[in-house]
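The values are calculated or read from the model by the stated rules, or taken from the named source; none is laboratory data. Being a predicted model, the structure only gives us computed values, none of them experimental. Cβ: placed from backbone, ideal geometry, glycine included. Neighbour counts: every protein chain shown.
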Amino acid sequence: MIELSEEILLRMYYKMNQARFFEEKVEDLLKRGIIDETVYLSKGEEATGVVSGLALEKGDLVSMTHRGHAQAIGFGLDVNLMMAELLGKSTGYCKGKGGSLHIADVLNGNIGANGIVGGGFTLSCGAALTQKHKKTGQVVLCFAGDGATNEGSFHEAMNLASVWKLPIVFLIENNLYGMSTPIAKHMNIENISDRGAGYNIPGLTIDGTDFLEIYDVMTKSLRYARAGRGPVLVEAKTYRFCGHSSDDPQVYRSTEEVQQWQEKDPLFRLKKYLQENRVFTGKQLETIEGEAKSSIEQAAEFALESLEPDITTVLEDVYA
Amino acid sequence: MIELSEEILLRMYYKMNQARFFEEKVEDLLKRGIIDETVYLSKGEEATGVVSGLALEKGDLVSMTHRGHAQAIGFGLDVNLMMAELLGKSTGYCKGKGGSLHIADVLNGNIGANGIVGGGFTLSCGAALTQKHKKTGQVVLCFAGDGATNEGSFHEAMNLASVWKLPIVFLIENNLYGMSTPIAKHMNIENISDRGAGYNIPGLTIDGTDFLEIYDVMTKSLRYARAGRGPVLVEAKTYRFCGHSSDDPQVYRSTEEVQQWQEKDPLFRLKKYLQENRVFTGKQLETIEGEAKSSIEQAAEFALESLEPDITTVLEDVYA
Amino acid sequence: MMEINEMKKMKYRDAIRLGMTEEMRRDDAVIFLGEDIGRYGGAFGLSAGMLDEFGEERVLDTPISEAAIVGTAVGAALTGLRPVCEMMHMDFVTLGMDALVNQGAKMHYMFGGQAQVPLVLRLPAGTGDGAGAQHSQSLEAWLCHVPGLKVVTPSTPAQAKGLIKAAIRDNNPVCFIEPKALYQTEGLVPLDDDYTIEIGKTLIERPGKDVTIVAYGTLLAKAMEAAAFLEEEGIEVEIINPVTLYPMDMQPIVESVIKTGRLIVAHEAPKTGGVGGEIAARIAESEAFDYLNAPILRLCGMDVPIPYSKELEASVVPQRNDFVHGVYRLLNRE
Amino acid sequence: MMEINEMKKMKYRDAIRLGMTEEMRRDDAVIFLGEDIGRYGGAFGLSAGMLDEFGEERVLDTPISEAAIVGTAVGAALTGLRPVCEMMHMDFVTLGMDALVNQGAKMHYMFGGQAQVPLVLRLPAGTGDGAGAQHSQSLEAWLCHVPGLKVVTPSTPAQAKGLIKAAIRDNNPVCFIEPKALYQTEGLVPLDDDYTIEIGKTLIERPGKDVTIVAYGTLLAKAMEAAAFLEEEGIEVEIINPVTLYPMDMQPIVESVIKTGRLIVAHEAPKTGGVGGEIAARIAESEAFDYLNAPILRLCGMDVPIPYSKELEASVVPQRNDFVHGVYRLLNRE
Ligand SMILES: Cc1ncc(C[n+]2csc(CCOP(=O)(O)OP(=O)(O)O)c2C)c(N)n1
Ligand SMILES: Cc1ncc(C[n+]2csc(CCOP(=O)(O)OP(=O)(O)O)c2C)c(N)n1
Ligand SMILES: [Mg+2]
Ligand SMILES: [Mg+2]
């Protein structure tokens, strides 16, 4: 097990709280009709995004999914600019033209969320090819969902990455459903990591609610890829507490199942660990939580106060 | 091992000779410029197509590849109509509108050759869905090449077929190259059958030059699929003696390699077996060969004598 | 036209479901496949209840595998079923183009007429959701450039029902484009279960003599609103809805232009390369050419990806007032 | 325009290779990926020798995975390389449409202008091979309907070299369409390694005053032959080659039509929904409208999949004589 420094644990707890508060704030803004565009929330799944983001080295790249807020926060994006983008404001990451599905910070290595399920697989191959070509020593972290691994692009990307030994870690956030479809109805295997065998890529299945395991396995996988040994496929089992999107009646799963998973809430697990191991005092934890919360309040304020995009800019940025 | 009756062996030897003579006749017509459209030959690979065709039951379906002449002959298509199609004649399977890449006999269950590498995977799923829906008890035999298994459609089809337990046997003719690209450069695994694991589909690797093994494994695989147990993935290692297409300089492989494989010529192996086991006398073998040869001569004659398609028919058949 | 007895007010979305349901009751060979269409009832609630009626053998939830959805539908159609399949958003047809274009559309021809591919590909399209550049496109122009495909798009609930039924009964691959913004719109729908809308027939939605507007999808209603407004000023707009975008029945449009001498063509899709260009070109080639009193005007989406912000989004597609001003312009009133 | 010193006669195919090679020498960020482009030298011999010069790190043979080829190129372009990638036949772009259209074309816009996608997608297109319906298509109209893409097609070896170089230097995704039937055609090519053809500029290939013909790809040469023939009868045809099909520089076409009053638009792709319709529509909308003395004539491919038999194949795309008769028709000589 890779050791976790106090500093990392602090950032982890802060960011995981940020991610949780971010999602709750968005839920609230959706309810109030302040956001009424398409947004997907990852409440309950924050550990995979946040913890693996912290396992990255400076300069590493990331490709995010449609359910990418925690992934973005883990990578280090600015919650103000994220929230502004969700509200379609001119100050957002994409000047209000992209929305939640296209948050990106390309110059800093975040090559974007994606509205196309599985869209990031082959893009990640390209980003990794650049690293290999330029010998940067950087790795690409490619997020995807369980459902996404049934897209043809998953297969083509895994195969290419393996043949070319590209520095990529594919992290599959297996939340047991693709939209409403339970995994047993969309694939006939127990563990998605078994798919690595078809490409001679190491495949690992981990508990996506356990920050310790995520950090350990991701750090080692990133090292493996960084050493030029090729890609790694990591599957993290996790669970989404909220609906797939804002208008999901969730008829496809039982409240018992949701409750069972809520008991494994990754944020509580982390908090319990920090308490039990006395990494931080109760007061310190409260302070961290408070700061995380206020960062999100500020982000919402920033977003709400920001200007709508000027309508005359709508034709800008079609061509570089 | 499944027993091979004398009758089957007779048909096998006849059809494998037919397939060989067919390809040689086409080579000849290409050289003479009588065919100058796109055609892919399977000389050396005839066993997979012919023998698995003989393992089918009446009413089973087949989806062929771009390299499909032996597959077609194995299934039982008429060499006259095939040859006429290659010559673009009105009497061909497709009235000269399709060519080698689109030979089909849909009403009799041959859903066509395909110019799109990997194009047949998902079509086969659909054909198999029809069998399941209509409870026909029939199976779809889907041919593909090694290179084709790197297409996204392979993955999507394997996954869907497994989840829906579709009656399909995927037979991969692994001739070690996708066009000029050796398998080691297009996939990072030893056996393509390993890809079955990613879908919980049984995967088998066989010697594609050995009619006994092909017949045995295909018969069992078809039975498995027919019993409603789901798809099977069979990989047959084989080798193409000729170039990829008529203008292939074959710079990517050595003559030694070609020679080594020629020693495993499936047609000679079959002949040797028939001789050694005295299934047929030398004279009988000669008769079979002669009949096969003359069937192809007749096919060429039929094709050459057939009429070109009437130019006024060119706009027909766009819509049903 | 068959006799229409009973009518019922219903939503566009429900009219599609009704049409599908009737056809599935009528013919066991009709199956329906797509992502989350079963228990969930489809991303837009379109297929709610269909799983219960027809069971998992005929209402098939697929993995997220668009290429396989289309390819499987083509293979099933080729061998005797009549599949209806759905892309959750039309934008995802990008993942099914090979099976659609290189296989389904061409098989009947490539095979020399020996096979049929009776399938319907349902494609929820267009803007209005704030769903951004990858979930808002109107890509019908691509499909209208593929011989072997038919492309239809209904603009009212009645058309939705009649057209989905005709599409299912057609023996060719039919792309059925559903503007998402219309799903919640209401209208009277014939309950007759033999009510169909003929594929390949252009409809005159409103007669008029001053200006011809050709509009389909979401823009039909906007054009109708503009026409109602203009009527009060004494301007009579003729509105034509092609319904079948490919192959298009041009005759009513040609005749209308001969009568009015002025033509506006409208769609949400980007102007350049859109279906409107084809219509304009056909008119410029036709006998109507000599009757044109003003250049043809295209009111179309801007040549830009669809932006996320709802204000920006609305600014890139034509609105009611664009029709009003367009008509003024052609009549030299501005 | 830069000064052009030395010229050399070479094939269209070799001119593309020369342009690519020069750019790869000039900029290490340029890489090339595709199926069988290395040792084999490409399905059409286009890249023969490039592997030897640039090695496996810059000339990358891929698995048969078109979606991955395009997607990888987009990802590489986004992060600092300048990939050139190839579909073996344009027909296979059907498998790469998502990465091209939903990702590459839209990223610059979706990301609010923060990223660039400098990639070139090479697309061997069209008929002439007897390769049948899945290997002979001309699908440029699809690409010309996707804001964010640029679409170019050279018609001579010199244009091929100048344009591939400009495409590689462009900071946007450029679709580079190569009619396969032109690969073996020869012409003089500037050896200057700074010779480029400006993207977005329409060229007048032959001046004339009687009829305007807009043609590109394989049809340019056929139009030129027809023009030479018609010259002997005293008919002066002006021939215009847009070169960049999207976004198209219409001004020279508009001016030409104002001068000649007659327009023929030609391409191999099926007429309905083709680029020719867009050009015709633009003219019908422009100030040239009032100068038209005859309806616009489109000489295009038929609305049919490409048949296999070479005779049938030739019958579905325009030939030299179609231009001659088209001109006669517009001049009322027939
Ligand atoms: C290509 C494509 N198909 C379908 C969709 C619609 N869609 C959006 S999210 C989603 C479910 C994705 O499932 P999964 O990959 O498991 O990710 P999760 O939503 O569970 O995080 C679907 C079907 C899409 N956006 N893109
Ligand atoms: C989608 C697609 N990509 C590329 C091609 C060009 N092509 C034709 S055959 C071939 C090689 C196929 O390799 P494999 O599947 O191993 O079959 P083989 O030719 O070896 O029988 C290629 C690349 C094609 N026809 N379709
Ligand atoms: Mg999921
Ligand atoms: Mg092969």
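One residue stands out among those in region A:173-192 that are in contact (Cβ under 8 Å) with a residue 40 or more places away in the chain and within 14 Å of residue B:199 (Cβ to Cβ): the one that is farthest from ligand 3 (Cβ to nearest atom), which is A:191.
Would you confirm whether or not region B:169-186 contains a residue that is surrounded by 18 or more Cβ atoms within 10 Å (Cβ to Cβ) and more than 16 Å from ligand 4 (Cβ to nearest atom)? Within region B:169-186, one or more residues are surrounded by 18 or more Cβ atoms within 10 Å (Cβ to Cβ) and more than 16 Å from ligand 4 (Cβ to nearest atom). Mind listing just one residue for me: the one in region B:124-150 that is free of Cβ contacts under 8 Å to residues at least 40 places away in the same chain and closer than 24 Å to residue B:238 by Cβ and, of those, farthest from ligand 2 (Cβ to nearest atom)? This residue is B:150. The residues of region B:20-40 that are hydrophobic (A, V, I, L, M, F, W, C) and crowded, with 24+ Cβ neighbours inside 10 Å, listed by number, are B:22, B:26.
Within region A:66-77, can one find any residue that is within 13 Å of ligand 1 (Cβ to nearest atom), in a loop (DSSP other than H, G, I, E, B) and over 30 Å from residue A:259 (Cβ atoms)?
Taking every residue of region A:66-77 in turn, none turns out to be within 13 Å of ligand 1 (Cβ to nearest atom), in a loop (DSSP other than H, G, I, E, B) and over 30 Å from residue A:259 (Cβ atoms).
Annotation: of all residues in region A:179-204 being within 7 Å of another protein chain (Cβ to nearest Cβ) and part of a loop (DSSP other than H, G, I, E, B), the one that is nearest to ligand 1 (Cβ to nearest atom) is A:179. Do we find a residue being touching a Pro at 6+ places or on another chain (Cβ under 8 Å) and either of a type in the set (Lys, Arg) or away from ligand 4 (no atom under 16 Å from the Cβ) (or both) anywhere in region A:28-45? Yes, region A:28-45 has at least one match. Is one or more of the residues making up region B:159-169 within 16 Å of ligand 3 (Cβ to nearest atom) and not in a loop (DSSP other than H, G, I, E, B)? For region B:159-169, residues within 16 Å of ligand 3 (Cβ to nearest atom) and not in a loop (DSSP other than H, G, I, E, B): present. Every test in (1) more than 8 Å from every other protein chain (Cβ to nearest Cβ); (2) in contact (Cβ under 8 Å) with a residue 40 or more places away in the chain is passed by residue B:96 save one, and that test is (1). Once region C:165-184 is narrowed to residues that are touching a Phe, Trp or Tyr at 6+ places or on another chain (Cβ under 6 Å) and aliphatic (A, V, I, L, M), the residue that is farthest from the other protein chains (Cβ to nearest Cβ) is C:182.
Tell me yes or no: at least one residue of region A:311-320 is touching a strand residue (DSSP E or B) at 6+ places or on another chain (Cβ under 6 Å), within 14 Å of chain D (Cβ to nearest Cβ) and on the phi < 0 side of the Ramachandran plot. Yes, the conditions are met somewhere in region A:311-320. A residue that is within 14 Å of chain B (Cβ to nearest Cβ), assigned to a helix (DSSP H, G or I) and closer than 19 Å to residue A:61 by Cα can be found somewhere in region A:124-138. Residues in region B:266-310 that are in contact with a helix residue (DSSP H, G or I) (Cβ under 7 Å, 6 or more places away or on another chain), within 14 Å of chain D (Cβ to nearest Cβ) and either surrounded by fewer than 12 Cβ atoms within 10 Å (Cβ to Cβ) or not in a helix (DSSP H, G or I) (or both): B:306, B:308, B:309.
Counting the residues of region B:1-41 that are hydroxyl-bearing (Ser, Thr, Tyr) and not in a helix (DSSP H, G or I) gives 3. Residue check: is residue B:251 crowded, with 16+ Cβ neighbours inside 10 Å, in contact (Cβ under 8 Å) with a residue 60 or more places away in the chain and outside any helix (DSSP H, G or I)? Spelling it out, it is not the case that residue B:251 is crowded, with 16+ Cβ neighbours inside 10 Å, in contact (Cβ under 8 Å) with a residue 60 or more places away in the chain and outside any helix (DSSP H, G or I).
The listed residues are D:72, D:79, and the only one of them that is touching a helix residue (DSSP H, G or I) at 6+ places or on another chain (Cβ under 9 Å) and without any contact (Cβ under 8 Å) to a residue 12 or more places away in the chain turns out to be D:79. Among the residues that make up region A:195-215, is at least one of them of a type in the set (Asp, Glu) and within 30 Å of residue C:59 (Cβ to Cβ)? The answer is no; no qualifying residue exists. Among the candidates B:180, B:246, which residue alone is modelled with pLDDT under 95, within 21 Å of the chain's Cα centre (by Cα) and of a type in the set (S, T, N, Q)? Exactly one of B:180, B:246 is modelled with pLDDT under 95, within 21 Å of the chain's Cα centre (by Cα) and of a type in the set (S, T, N, Q), namely B:246. Residue count for region D:178-193 under the criterion of being within 12 Å of the chain's Cα centre (by Cα) and crowded, with 24+ Cβ neighbours inside 10 Å: the result is 3.
Yes/no matrix, rows are residues, columns are (1) of a type outside the set (Phe, Trp, Tyr); (2) within 21 Å of the chain's Cα centre (by Cα); (3) on the phi > 0 side of the Ramachandran plot:
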position	(1), (2), (3)
A:170	no, yes, no
A:173	yes, yes, no
A:184	yes, no, no
A:187	yes, no, no
A:192	yes, yes, no
A:197	yes, no, no
A:200	yes, no, yes
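Collect the residues in region C:55-83 that are closer than 28 Å to residue A:114 by Cβ and either more than 16 Å from ligand 3 (Cβ to nearest atom) or hydrophobic (A, V, I, L, M, F, W, C) (or both), keeping them in residue-number order. Result: C:60, C:64, C:66, C:67, C:68, C:69, C:70, C:71, C:72, C:73, C:74.
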